[in-house]
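Quick notes on the structure that follows.
The values are calculated or read from the model by the stated rules, or taken from the named source; none is laboratory data. Because the structure is a prediction, the values reported are computed rather than measured. Neighbour counts run over all protein chains shown; Cβ positions are idealised from the backbone, glycine included. Heavy atoms of the whole protein, side chains included, go into the accessibility calculation; ligands, DNA and RNA do not. Shrake-Rupley method; radii C 1.70, N 1.55, O 1.52, S 1.80 Å.
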Amino acid sequence: MRVFNHTTADGLRLSGQLHSPKAPKAVLSLVHGFGEHQGRYAPMIDFLNGQDIAVVTMDLRGHGTSEGRRGVCHNYNLMLDEVGAQLEKARRTFPQIPHYLYGHSMGGGIVLRYVSEPARVEGLAGVIASAPLLDLPKPLPKAQAMFVKFLRKIAPNAVLPNPIPGSQISTLPEEQARYEADVLNHGKLGAGLAVDMIENGNIVLSRARLISLPILIMHAKDDKLTASAASKDFASLAPDCALHIFENCEHEMHNDTARDKVYALMRDFMTPRPADKLTTTADLTG
């Protein structure tokens with residue numbers, strides 16, 4: 001593993017890592033979810049490296065070991081630019097192999113938004129979105145939604161408490177404990193980021209028909225943090241999207257009972273496939 005740093009346009013230092021086998025056949029740029037960090041994906045990275053797939057990770061602003069106030073981003077375009085910088089690092093490091101983009105939860109919403117902008121798509125072979133934040137499982141009470149939007153106008157960097165219990169992350173007690181004991185995780189959500197994350201989902205769904213890249217979406221059916229129904233809506237609209245819905249697991253399918261199948265789906269998606277397999281499907285058995 002090699003480390004690298006990226007300095008943003010507004011002067012924050014972001015921390016990244018390169019993980020590569022000796023002769024990678026593909027590279028995956030990985031975007032983590034809200035409140036967590038790149039270090040939580042070590043088992044996935046080890047698996048992919050074992051399949052000759054390199055992985056490039058980076059902690060977004062306000063997360064992990066990167067600089068920035070925890071959970072704060074006053075403009076969503078800043079995070080999109082950070083994904084662009086991460087991809088550019090991957091392209092410079094691995095110039096002659098296929099490049100894929102992965103995002104989980106908030107990161108899943110970010111990567112789908114990223115590829116919804118045609119100018120950003122060039123050079124990508126496909127996108128994997130895990131439990132993407134396109135909508136909430138239950139709508140916010142109207143009064144709460146109005147308050148957050150008002151707070152965003154007057155104080156976009158104001159921070160709201162948003163703790164996530166381990167029981168909503170995984171059904172496995174050891175994964176629940178690992179999540180809650182991780183000192184780099186945080187439960188702080190800036191008002192600006194809170195509003196932008198929800199509005200981002202609306203933008204992505206409105207552009208789904210325009211995204212021509214192959215897409216793999218995975219979602220837990222009863223996810224309590226992001227809406228699996230929104231992933232189904234996206235998959236029904238996108239021209240080339242495979243959807244897999246998992247039973248009996250929580251938000252982080254890659255850290256739950258579905259882990260082996262999630263890894264296999266990712267591996268197979270990044271392995272050259274006949275064109276007739278790149279179609280929209282739904283797997284409701286998990």
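Quick grid of which residues meet (1) within 19 Å of Ile164 (Cα to Cα); (2) charged (D, E, K, R); (3) more than 13 Å from the chain's Cα centre (by Cα):
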{"residue": "Ala85", "(1), (2), (3)": "no, no, yes"}
{"residue": "Thr93", "(1), (2), (3)": "no, no, yes"}
{"residue": "Ser105", "(1), (2), (3)": "yes, no, no"}
{"residue": "Leu112", "(1), (2), (3)": "no, no, no"}
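In this structure, does Ile169 turn out to be touching a His at 6+ places or on another chain (Cβ under 6 Å) and modelled with pLDDT of 95 or more? So Ile169 fits the description; yes.
Scanning the stretch 1-29 for residues that are in a loop (DSSP other than H, G, I, E, B) and either polar (S, T, N, Q) or more than 21 Å from Cys73 (Cα to Cα) (or both) returns Met1, Thr8, Ser20, Pro21, Lys22, Ala23, Pro24, Lys25. Taking the stretch 217-233 as the range and being open to solvent by 10 Å² or more (accessible area, probe 1.4 Å), among the hydrophobic types (A, V, I, L, M, F, W, C) and not in a loop (DSSP other than H, G, I, E, B) as the test, only Ala229 passes.
Taking the stretch 30-46 as the range and being open to solvent by 10 Å² or more (accessible area, probe 1.4 Å) and assigned to a loop (DSSP other than H, G, I, E, B) as the test, the residues that pass are Phe34, His37.
Residues that are open to solvent by 30 Å² or more (accessible area, probe 1.4 Å) and farther than 19 Å from Ala131 by Cβ within the stretch 47-63 comprise Asn49, Gly50, Gln51, Asp52, listed in sequence order. Restricting attention to the stretch 142-164, the residues that are closer than 20 Å to Phe34 by Cβ and either of a type in the set (D, E, K, R) or over 19 Å from the mean Cα position of the chain (by Cα) (or both) add up to 14. When Ala85 is tested against the conditions (1) touching a strand residue (DSSP E or B) at 6+ places or on another chain (Cβ under 7 Å); (2) open to solvent by 40 Å² or more (accessible area, probe 1.4 Å), the lone failure is (2).
So which of Tyr100, Tyr76 ends up being closer than 22 Å to Glu122 by Cβ and in contact with an Asp or Glu (Cβ under 6 Å, 6 or more places away or on another chain)?
Details: Tyr100 fails: in contact with an Asp or Glu (Cβ under 6 Å, 6 or more places away or on another chain).
Exactly one of Tyr100, Tyr76 is closer than 22 Å to Glu122 by Cβ and in contact with an Asp or Glu (Cβ under 6 Å, 6 or more places away or on another chain), namely Tyr76.
Condition first: under 18 Å from the mean Cα position of the chain (by Cα), under 26 Å from Pro161 (Cβ atoms), outside any loop (DSSP other than H, G, I, E, B) and among the acidic types (Asp, Glu). Can you find one or more residues in the stretch 49-59 that meet it? Within the stretch 49-59, not a single residue is under 18 Å from the mean Cα position of the chain (by Cα), under 26 Å from Pro161 (Cβ atoms), outside any loop (DSSP other than H, G, I, E, B) and among the acidic types (Asp, Glu). Of the listed requirements (1) modelled with pLDDT under 95; (2) open to solvent by 40 Å² or more (accessible area, probe 1.4 Å), Asp283 misses just one: (2).
Specify the residue that is farthest from Gly62 (Cα to Cα); the eligible residues are those in the stretch 1-29 that are free of Cβ contacts under 8 Å to residues at least 12 places away in the same chain and surrounded by fewer than 11 Cβ atoms within 10 Å (Cβ to Cβ).
Of all residues in the stretch 1-29, those free of Cβ contacts under 8 Å to residues at least 12 places away in the same chain come to 5, 7, 11, 22.
Among the residues that remain, those that are also surrounded by fewer than 11 Cβ atoms within 10 Å (Cβ to Cβ) are: 11, 22.
Details: Gly11: 13, Lys22: 32 Å.
Among those residues, the one meeting the criterion is Lys22.
On the basis of being farther than 13 Å from Leu134 by Cβ, assigned to a helix (DSSP H, G or I) and at pLDDT below 95, does Asp260 make the cut? Here the answer is no, as Asp260 does not meet what is asked.
Close contacts from the stretch 140-162, counting a first residue that is within 18 Å of Glu199 (Cα to Cα) and a second that is modelled with pLDDT under 90 and open to solvent by 70 Å² or more (accessible area, probe 1.4 Å), with Cβ to Cβ under 6 Å and a gap of 6+ residues or different chains, come to Pro156/His74; Asn157/His74.
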